[in-house]
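One structure is given here, and the rest of the page talks about it.
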Amino acid sequence: MTHGLISDELIAERNARARAALDEDYAALGKQLDRADIAIDSITQSISSFSVAVPTWGAGRGGTRFAKFPIPGEPTTIHEKLEDCGVINQLCRMTPRVSPHFPWDKVADYQALREEAAAVGLGFDAINSNTFQDQPGQSQSYASGSLSSTSDAVRQQAVEHNIECIDIGRQLGASDLTVWVGDGSNFPGQQDLTRSFDRYLEAVGLIYAALPGDWRLLIEHKMFEPAFYSSVISDWGSSILAAQELGPKAQCLVDLGHHAPNVNIEQIVARLNRFGKLGGFHFNDSKYGDDDLDSGSINPHQLFLIFNELVEAERNSGSSFRPSYMIDQSHNVTDPIESMMMSADCIAASYAKALLVDRAALHDAQERNDAMAAFQALRRAYNIDVTPIVAKARAEAGGAIDMIATYRDSGWRQRKAQERQRVGLGAGIV
Ligand code: RM4
Ligand code: MN
Ligand code: MN
């Protein structure tokens, strides 16, 4: 049910024009894969069952920390954001869930919100709490931290907010809570590095204790920003220590932009999975820091190597492997609908390429210490243009073969510019 979004006739009409070329490309790729004993339809099948959630805050041009440059028709309320996320999923058929952020997405009636989402083909993914920003009317300030604050009252307020998020999530049908805190320090000596972590552990333990049985608590680390000398949960080491301390329902979430430059993220993925702590991802890309650029736009090879580890993990861990995949990007130079569709496309393509890796050849070369043969096993898969597979999966599910052209033809943003209130200026989000 996608009533009120883009007309299905327009998608069908646009697809009819692109179908012959897609079928030709798909058949040619099928032949190429046949030679390597890979049935193209089995890969297409895996891509059809793949999905990634989109963040409500990514539907707006949140912008850099520096400024916001809104476009006419940009969504400002959660209701408008749901509509835009509905369009993304309608065209790409790979993003059936949205991940909300509270209190940004607060409403009076969550049952109604759930129904509203369902009406545009969406469900809810991980709930994100926000204790990195003060809210109007709040009694305590997070200026000196939240879950790790030296003040009992501040920690208590932060814990209560997270418990409220769980309660909202239950009503929305979610089953993960993602906790990212900006806690940290700007000066050496400002904070006791051990005690601040202890306070965090005690506070996050109270949140953990309030989790329903089938929920997970996803701990998201970030090296720096807003704190520039030390962050309480700065890296995957602090994250896994906290997750291990808490128990089996606590896992680690890897945001690709939250590491030191050049860190080997695929190795982090392998380590976390080895200890049952790989909880999920925030996909985005970066050149320098937490840039929140479109997934795969800067370093698509890294994304492929991450998926290569994920495919390994999937094969080794069986049904216990269920990381939560989500996009976390927001910037101010494109229409967010276009960016998120293209990110989902690139994420799925990276997965498809990883599925094409000849694992027997890779493992054999690794055992024989044949570095070149091992690298070639990866390179061969990476070099294959899998766009026909992803486009085919999408078209079979009713999505658009050429997503951008179809979206632009639909005049969605222009229509919304007539209906929606203009976005105010001001600073962006973190
Ligand atoms: C943070 C982090 C969190 C997100 C906020 C908006 O840098 O990536 O996941 O909730 O930004
Ligand atoms: Mn994130
Ligand atoms: Mn971030």
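Derivation of every value follows stated rules applied to the coordinates shown; laboratory data play no part. None of the values given here were measured: they were computed from a predicted structure. For neighbour counting, all protein chains shown are included, and Cβ atoms are generated from backbone atoms with ideal geometry for every residue, glycine included.
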Review point. For Lys392, Lys249, Lys31, what ranking results if the residue with the fewest other Cβ atoms within 10 Å of its Cβ goes first?
Key: Lys31, Lys249, Lys392
Point to revise | Per residue convex hull volume, Cα atoms of the range 96-168, in Å³ | key: 85 Å³
Review point. Taking N as the number of residues in the range 226-271, what value does Rg over Cα atoms divided by 2.2 N^0.38 Å take?
Key: 1.20
Practice item. Per DSSP H run of n ≥ 4, the term is -39500 (n - 2.57); total these for the chain, divide by its residue number, and report the mean residue ellipticity at 222 nm rounded to 500 deg cm²/dmol. Key: -15500 deg cm²/dmol
Study note, to complete from the structure: By the Kirkwood definition, with r running over pairs of different Cα atoms, the chain has a hydrodynamic radius in Å of 22.5 Å
**Study point:** Proportion of all alpha-carbon pairs of the range 111-262 beyond 19 Å (%)
**Key:** 54 percent
Study note, to complete from the structure: Diffing the range 326-336: the Karplus 3J(HN,Hα) column from phi (6.51, -1.76, 1.60, θ = phi - 60°), in whole Hz with x for Gly and Pro, holds 9, 8, 9, 9, 5, 8, 10, 10, 10, 6, x
Exercise for review: Calculate how many DSSP beta bridges within the chain are antiparallel, expressed in % of all such bridges and rounded to the nearest 5.
Suggested key: 10 percent
Revision key, fill the gap. In nm², the average projected area of the convex hull spanned by the Cα atoms of the range 41-176 is 10.5 nm²
Practice item. Could you give me the percent of Cα pairs per 5 Å distance bin for the range 1-68, shortest bin first, beginning at zero and ending with the bin that holds the maximum distance? Key: 3, 11, 10, 13, 17, 14, 12, 10, 6, 2, 0
Exercise for review: Using +1 at the Cβ of each Lys and Arg and -1 at the Cβ of each Asp and Glu in the chain, identify which of Gln156, Ser295, Gln190 lies farthest towards the dipole's positive end.
Suggested key: Ser295
Point to revise | Whole-angstrom Cα spans of the range 131-212 along principal axes, big to small | key: 43, 28, 18
Check your understanding: Under 28 Å from the Cα of Lys392, which lysines turn up, not counting those fewer than eight places away in the same chain?
Key -> Lys31, Lys81, Lys353
Revision key, fill the gap. Per its Cα gyration tensor (rounded if a/c is under 1.5, else prolate when a/b beats b/c, else oblate), the range 26-118 is best filed as prolate
